[in-house]
Amino acid sequence: MPNETMRPEPFAARLHVIPRTIRPIQAAIVRTFRRYFEQAPGWVLLTTTGRKSGLPREVMLPCERTPELLFILSTYGRRSNWMRNIERQPAMRVTAAGWVIDTTAEIVDDLAAKQALVTAHPFFAPMPFGWLNWLHRTVLRVPMVAFLRWWVRSRPIVVVRPTRAAG
């Protein structure tokens, strides 16, 4: 059985130059709308530890939240700096839904596990109108799940869980 981590990179990984180029614009948007994104459904602010600098690094990403965990699909595979930071140091801080929580990230590469996760909890990027969210989660659910099961074939999923306090 072939190793799931040997899957080819997604095509989008070759386009990773785009977000690197527009990083200043994205940073300005995050600064401007930070309060909104910190509480908006379907968004998470990750604070990772820079793998080279050791300094806190923030990135705003769409996510799917459940009561036990949240997960993030990596469009650019392992080329994203936040993914590389998590590989080096899986402990991070998450700001989501008004909460700031210490968490641990797990990168999932197993295809069956990824497909089971997106089937049980389909990832729908939040839309600006309630009726669009309703449409995605009802009428379009079946084709969206089929698309997600295909989409995650060459992309890792990051599963984030709260760090359990000792004692």
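Points to keep in mind about this one:
- Beta carbons closer than 9 Å, at least 6 apart along the sequence or on distinct chains, pair a first residue in region 110-124 that is over 14 Å from VAL159 (Cα atoms) with a second that is outside any helix (DSSP H, G or I) and acidic (Asp, Glu) for PHE124/GLU64.
- Tallying residues that are crowded, with 20+ Cβ neighbours inside 10 Å, in a helix (DSSP H, G or I) and not polar (S, T, N, Q) within region 84-101 yields 1.
- Some residue of region 102-113 being closer than 26 Å to ARG23 by Cβ, exposed (fewer than 13 other Cβ atoms within 10 Å of the Cβ) and at pLDDT 95 or above: no
- When ARG88, ARG93, ARG79 are checked against the criterion of being in contact with a Ser or Thr (Cβ under 9 Å, 6 or more places away or on another chain), among the basic types (Lys, Arg), in contact (Cβ under 8 Å) with a residue 24 or more places away in the chain and within 17 Å of PRO156 (Cα to Cα), a single residue qualifies: ARG88.
- Test: LEU69 is farther than 21 Å from ARG153 by Cβ and not basic (Lys, Arg): yes
The values are calculated or read from the model by the stated rules, or taken from the named source; none is laboratory data. In this text the structure is predicted, and so the values were computed from the model without any measurement. Virtual Cβ from ideal backbone geometry, glycine too; neighbours counted across all protein chains shown.
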